[in-house]
1. Identify, from the list A:Glu110, A:Glu64, the residue that is surrounded by fewer than 20 Cβ atoms within 10 Å (Cβ to Cβ), of a type in the set (D, E, K, R) and farther than 22 Å from A:Ile34 by Cβ.
2. Select from segment A:67-107 the residues that are surrounded by 22 or more Cβ atoms within 10 Å (Cβ to Cβ) and among the polar types (S, T, N, Q) and list them in ascending order.
3. Among the residues of segment B:55-93, count how many are more than 23 Å from A:Gln41 (Cβ to Cβ) and of a type in the set (Gly, Ala, Ser).
4. Do any residues in segment A:37-49 that are under 22 Å from B:Ile6 (Cβ atoms) have Cβ atoms under 9 Å from those of residues that are in a loop (DSSP other than H, G, I, E, B) and of a type in the set (A, V, I, L, M), where the two are at least six apart or on different chains, and which pairs are they?
5. Restricting to segment B:54-113, give me the number of residues that are closer than 18 Å to B:Pro14 by Cα and either free of Cβ contacts under 8 Å to residues at least 12 places away in the same chain or β-branched (Val, Ile, Thr) (or both).
6. Take C:Ile89 and tell me if it is assigned to a helix (DSSP H, G or I) and at pLDDT 95 or above.
7. Is it fair to say A:Ala123 is closer than 20 Å to B:Ser109 by Cα and of a type in the set (A, V, I, L, M, F, W, C)?
8. Just to be sure, is C:Ser100 at the interface with chain B (Cβ under 10 Å from one of its Cβ atoms) and of a type in the set (S, T, N, Q)?
Amino acid sequence: MPFVQITLTKGKPPKTISTIVDSVHKALVEEFKIPELDKFQIVQEVEANNLIFPPNYLGVPHSENIVYIHITAKKGRTVEMKKQLYKKIAMLISEKTSISSDDVFIVLSENKEENWSFGRGQAQLVE
Amino acid sequence: MPFVQITLTKGKPPKTISTIVDSVHKALVEEFKIPELDKFQIVQEVEANNLIFPPNYLGVPHSENIVYIHITAKKGRTVEMKKQLYKKIAMLISEKTSISSDDVFIVLSENKEENWSFGRGQAQLVE
Amino acid sequence: MPFVQITLTKGKPPKTISTIVDSVHKALVEEFKIPELDKFQIVQEVEANNLIFPPNYLGVPHSENIVYIHITAKKGRTVEMKKQLYKKIAMLISEKTSISSDDVFIVLSENKEENWSFGRGQAQLVE
């Protein structure tokens, strides 16, 4: 059920992109307890000058490697679960790619169970 | 007022894309009762490997034809209206294109009336 | 903390794009009182036929110059602050580019403080 949009600059190796995708998914499975098959994501590659970020903010430096991860999920997760999610995503990406955890930007948007259709015109979470 | 972002793989015929756009709009007009002219959408075409989906989830199989439809609308619609919307979108797309209703993925994000400006710097829904 | 996605047709001069980016940021700094360094944005350029808009809506005409500005921010701003934000964004863009204020479309999505990570795996707004 989460729907994830990942945005980064064009030109990253396919292996790096798939590692980011899999890292976000693994973290969602482990921390938000979603099913393994619940993996719906979009990767948006943009020109470097179309990715705007500050040199640093709140003590965290940023580079052109910045990755924007926008997760939409139904509400209900605790603050603690969200904190663990961010930690896990940043850890997995920085361990398995050359991207620093400083460059992992995450924003979470929440909605209702009735706001999802996984195909076939059904609202599976409320049927 | 709904703002719709449709994401699919590059290479679909323009006719298929415009049919998807018009199907989503027609369903919104009929089920969410929006005005005919209230048609604001973006189509995002991405490389096939940048569209991530599972082979199946909740009993629904998915293919590389999957279409992600992200609708942002002001809150206030009932669960029943949302169910009818999903049904209508999936039906119209599968009837008029070669895309299966299984591959119509919809997520709805809701916000407040005051959160919209349709141009001219005004917040039209609260003025 | 706001995260901004700007969508417009391909082919606009880089100067126009950077002016739009800076106008949105300046308006957020002045009206939403965000820090100068809190500047996180994505610019998405799409083919002209992938930007769908009506010839006019609610008395405002639109052209192929339309710019979709989707702002995600933590909740808490008043209706008055939002109105001032829209006004300022439209004014700055129309003053400094050839884009009419009629073509400045803005939608705001709001979430919680705990829904943000600015890097390093931390939830900076609740730590």
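1. None of the others qualify; the one that does is A:Glu64.
2. Within segment A:67-107, A:Thr72 is the sole residue that qualifies.
3. Summing the residues that are more than 23 Å from A:Gln41 (Cβ to Cβ) and of a type in the set (Gly, Ala, Ser) in segment B:55-93 gives 1.
4. A:Asp38/A:Met1; A:Asp38/B:Leu58; A:Phe40/A:Met1; A:Phe40/B:Ile66
5. 9
6. Answer is yes for this residue.
7. It is true that A:Ala123 is closer than 20 Å to B:Ser109 by Cα and of a type in the set (A, V, I, L, M, F, W, C).
8. It is true that C:Ser100 is at the interface with chain B (Cβ under 10 Å from one of its Cβ atoms) and of a type in the set (S, T, N, Q).
The values are calculated or read from the model by the stated rules, or taken from the named source; none is laboratory data. The structure presented is a predicted model; accordingly, all values stated were derived computationally and were not measured. Here the Cβ is made from the backbone with ideal geometry for all residues, glycine too, and neighbour counts use every protein chain on show.
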